[in-house]
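A.B. asks: A single structure is presented below for examination.
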Amino acid sequence: MPHGWDKKRKYKRDWSEYNEHLVRRGEVCLSMDFLDRWYEELHEMNMGKKGRPFTYPDTFIRFAGALYHFFSLPYRQLEGVFRQLSRHVHPLKAADYTTLYRRITSIKMNLKGLIGTDDEDVVIAVDSTGIKVTNRGEWIRKKWKVHRGWIKVHVAVNVDSGEILSVRVTSEKVGDSRVFEDLIEDADENLGDRRIRRVYADGAYDTRSAFNILERKKIEPGIKIRKNASTRSRGSPYRAKHVREYKKKGYENWRDEIEYGKRWRVESTFSAIKRIFGETVRAHDEEKMYREVETIFLLYNLLLNV
């Protein structure tokens, strides 16, 4: 337990289970189960296809993409890895780096299939973070007045499991509140029959539209109210009601009552993803940058559910 941590709380982590979970993450990175259905999958993919048939199944490309992102291997080195593996593993075939680049940058992952299933209601936290488009240092930015900007990633996270329930990638100019409704709609759809009970968010999401979408879906808001918030309706009676309750209780009482501290789970998720995958993208084309970032965040769910 970290020194100086809250002494009133028992540290309940099962270290043997946690260590085994981390070991299984390595197994996922190098799982070659796709070899069992190599020819069958290719046959299904090529049925009715016009033009040149596929040579490599999608599951193999996902495996190659995982190696590319987890180990930061350039495409040419990735080709070398498969060239060596193909000499010892049947029926694996080595793909050239141009094929790997084209297939990896175009493949789509289904978030719904990467979310655990149970019957309990879900509490989520919504926030955004920035991903750099280059790894050049801050000194160059200051010295040469270079502004490369960054990519903004908006996510909704299950505060209990840490799973990402929805993700949207935008430019740095898109405000947090503009993506809020899309995140809630996506998370609601991805959860299927499970219900979202409460949503935590900081003051950037304190808008009429955000409260209106929560009211429509019968979700309890855990959004921090701005200090200058008006108690008048002005397009959102639901927000006005919660503003009055917030001001009556005061921030500290409101925070403790709804357990607002759980919102920090989304910050922990951002930190974990950046430690594993880094804080920059490797693609150069804007559309491919967005897809790379989205893929990285979805792969994080894969690690959580091993």
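A.B. asks: Tell me yes or no: at least one residue of the range 223-240 is surrounded by fewer than 18 Cβ atoms within 10 Å (Cβ to Cβ), of a type in the set (Lys, Arg) and part of a helix (DSSP H, G or I).
C.D. replies: Checking the range 223-240: not a single residue is surrounded by fewer than 18 Cβ atoms within 10 Å (Cβ to Cβ), of a type in the set (Lys, Arg) and part of a helix (DSSP H, G or I).
A.B. asks: Being in contact with a helix residue (DSSP H, G or I) (Cβ under 6 Å, 6 or more places away or on another chain) and aliphatic (A, V, I, L, M) is the filter; apply it to the range 247-297 and report the residue that is surrounded by the fewest Cβ atoms within 10 Å (Cβ to Cβ). First the steps, then the outcome.
C.D. replies: Start the filter on the range 247-297 by keeping residues that are in contact with a helix residue (DSSP H, G or I) (Cβ under 6 Å, 6 or more places away or on another chain), which leaves 254, 273, 277, 281, 283, 296.
If we keep only those that are aliphatic (A, V, I, L, M) as well, we get 273, 281, 283, 296.
Working: 273: 22, 281: 21, 283: 15, 296: 21.
The selected residue is 283.
A.B. asks: Would you check which residues across the range 78-103 are within 23 Å of residue 300 (Cβ to Cβ) and without any contact (Cβ under 8 Å) to a residue 40 or more places away in the chain and list them? Break it down into steps so the answer makes sense when it comes.
C.D. replies: Applying the first criterion (within 23 Å of residue 300 (Cβ to Cβ)) to the range 78-103 yields 78, 81, 100-101, 103.
Within the range 78-103, 78, 81, 100, 101 qualify.
A.B. asks: In the range 179-211, which residue that is of a type in the set (Lys, Arg) and modelled with pLDDT of 95 or more is surrounded by the most Cβ atoms within 10 Å (Cβ to Cβ)?
C.D. replies: Only one residue fits best here, namely 198.
A.B. asks: Restricting attention to the range 32-77, report how many residues are surrounded by 13 or more Cβ atoms within 10 Å (Cβ to Cβ), in contact (Cβ under 8 Å) with a residue 40 or more places away in the chain and in a helix (DSSP H, G or I).
C.D. replies: 10
A.B. asks: I've got another one for you. Can you pull out the residues in the range 265-282 that are touching a residue at least 24 places away in the same chain (Cβ under 8 Å), part of a helix (DSSP H, G or I) and not basic (Lys, Arg)?
C.D. replies: Matches in the range 265-282: 266, 267, 268, 269, 270, 272, 273, 276, 277.
A.B. asks: Could you figure out which of (1) more than 30 Å from residue 74 (Cβ to Cβ); (2) assigned to a helix (DSSP H, G or I); (3) within 21 Å of the chain's Cα centre (by Cα) isn't true of residue 198?
C.D. replies: Of everything listed in (1) more than 30 Å from residue 74 (Cβ to Cβ); (2) assigned to a helix (DSSP H, G or I); (3) within 21 Å of the chain's Cα centre (by Cα), residue 198 misses just condition (2).
The values are calculated or read from the model by the stated rules, or taken from the named source; none is laboratory data. Being a predicted model, the structure only gives us computed values, none of them experimental. Cβ sites come from the backbone with ideal geometry, for glycine too, and all protein chains shown count toward neighbours.
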